[in-house]
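Student: Here it is, the structure, as structure tokens.
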Amino acid sequence: MAATIIDGKSLAATLRASQKSAIESLAARGARPGLAAILTGNDPASRIYVRNKARACEDTGVRSEFHEFPEGTSESSLLECIGRLNADRAVHGILVQLPLPPHLDANRILAAVSPAKDVDGFHAVNLGALLQGRAGFVPGTPAGVMRLLEHAGVALAGKNATIVGRSTIVGKPLALLLLQKDATVTICHSKTADLAAVTRQADILVAAAGHAKLITAEMVKPGACVIDVGVNRMPDGKLSGDVDFAAVKRIAGSITPVPGGVGPMTVAMMIVNTVRAAELSLG
Ligand code: NAD
């Protein structure tokens, strides 16, 4: 039987709509949520991501602003901009779009963002809070994956959850969130020996490797829930996930598409985090 398709686009639209009344009530109290995005360099994908985030802000009533820097910009120019945004009471969330050009130290730049405005959840303070199970800002993609799993009614306690990819923005924080829900978590990466043998044990399989169609049908346990985080541009210009969707949907129990799965949830969670930051700013 073909897998149930988990529709991230429609869940994200519902989630965004659910924020509108909170946004208007904050605006009435003089704190319309405001988000500032910083884009550095010429990466076309980053430009598209920032544009999508600005559209989502416009759509929900979040005020957004955009700060663009050329490829060769200096660290001090970025730090100066972040310092100004940290001090600006109309800005509740600051996004530094990654990747940064290689001459810039991403950790140092992310560390400059006030943890209270770090709606991407990339600051060490927020990542540390996640590790300790305390409330902080959780990165949008893993938070969005958890919402998708909840929405699809996927049981997590005692289940094998395997993540392919160990990045700080997706794989590692997602592992912590799945652990909080009592899943037995395995993280795979580029040096994992016999990836297929590990993924075949997974009741929940999350692909976040950035490698088109890495996960084939033979690597999936029948009935598993498969979440595809990957976004890869194919030679024909189309987007593909990290999962061979056409083949895997015949064996999985449920699956997210690309596009229309995790991506819209990442943006929706950014809105949720910005609204929360604005609420917290009022004390
Ligand atoms: P990354 O490059 O930082 O990390 C990739 C990880 O995958 C690494 O840990 C690496 O060890 C592992 N990996 C790579 N090839 C592998 C292989 N053949 N076998 C096993 N493991 C392998 O990437 P990232 O920033 O975590 O992003 C991963 C993917 O998710 C990319 O396609 C990215 O575009 C996408 N992404 C999507 C969203 C979204 O909102 N949909 C958000 C963030 C990232």
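Student: What distance in nm lies between label points placed 7 Å from Cα along the C-beta direction at GLU58 and ARG32?
Tutor: Roughly 1.4 nm, to one decimal.
Student: Evaluate the distance, in nm, between pseudo-label points positioned 7 Å from the Cα of LEU98 and of ALA197 along their respective Cα→Cβ axes.
Tutor: That separation, rounded to one decimal, is 3.1 nm.
Student: What GluC sites (Glu not before Pro) does the range 64-164 have in DSSP loop regions with at most 14 other beta carbons within 10 Å?
Tutor: Details: sites: GLU65, GLU68, GLU71, GLU75, GLU80, GLU150; in loops: GLU71.
Taking the range 64-164 and a limit of 14 other Cβ atoms within 10 Å, the loop GluC sites (Glu not before Pro) found are GLU71.
Student: Okay, next question. How long are the three semi-axes of the equivalent ellipsoid of the range 202-283, in whole Å, if each is the root of 5 times an eigenvalue of the C-alpha gyration tensor, listed from largest down? Mind showing how you got there, number by number?
Tutor: Details: eigenvalues 180, 52, 16 Å².
The equivalent ellipsoid of the range 202-283 has semi-axes of 30, 16, 9 Å.
Student: Here is a follow-up. Report, largest value first, the span of the C-alpha coordinates of the range 4-138 along each principal axis, in whole Å.
Tutor: Computed over the range 4-138, the largest-to-smallest principal extents equal 40, 36, 32 Å.
Student: Among the lysines, select those whose C-alpha is under 19 Å from the C-alpha of LYS221, and discard any that sit fewer than 8 residues away in the same chain.
Tutor: Straight-distance partners of LYS221: LYS159, LYS213, LYS249.
Student: Moving on to the next point. Would you mind calculating the gained length between ARG84 and GLU218 on full extension (0.36 nm times residue separation, minus the Cα-Cα distance), in nm to one decimal? Don't skip to the end; give the middle numbers.
Tutor: Details: separation 134, 0.36 × 134 = 48.24 nm, distance 5.18 nm.
Working it through step by step, the gained length comes to 43.1 nm.
Student: Kindly express, to the nearest 10 degrees and within the range 0 to 90, the angle between helix 75-87's C-alpha long axis and the longest C-alpha principal axis of the chain.
Tutor: Long axis of 75-87 versus the principal axis of the chain: about 80 degrees.
Student: Ok, one more. Evaluate the range 116-157: find the radius of gyration of its Cα atoms, find its Kirkwood radius, and give the ratio Rg to Rh.
Tutor: On the way: Rg = 11.6 Å, Rh = 11.1 Å.
Rg/Rh: 1.05.
Student: For the range 139-283, evaluate the Debye formula with one uniform point scatterer on each Cα (no solvent term) and list log10 I(q)/I(0) at q = 0.10, 0.15, 0.19 Å⁻¹, rounded to two decimals.
Tutor: -0.32, -0.70, -1.10
Student: Would you please report the Å³ per residue occupied by the convex hull of the alpha carbon atoms in the chain?
Tutor: Measuring per residue, one finds 128 Å³ for the Cα hull of the chain.
Student: What number in nm² do you get for the range 94-213 if you take the convex hull of its Cα atoms and divide its surface by four?
Tutor: On the way: hull surface 33.7 nm².
The directionally averaged projection comes out at 8.4 nm².
Student: Under a straight-distance cross-link criterion of Cα-Cα below 29 Å, which lysines are reachable from LYS117, leaving out those fewer than 8 residues away in the same chain?
Tutor: LYS9, LYS20, LYS53, LYS172, LYS181
Student: Go through 190-201, 128-139, 237-248 and give me the packing order, highest mean Cβ count within 10 Å leading. Before the final figure, lay out each step's value.
Tutor: Values: 190-201: 13.5, 128-139: 16.7, 237-248: 18.7.
The most tightly packed comes first, giving 237-248, 128-139, 190-201.
Coordinate-derived values only; no laboratory data. These numbers come from a predicted model, not from an experiment. A quick note on method: Cβ atoms are made from the backbone with ideal geometry, for glycine too, and the neighbour counts reach across all protein chains shown.
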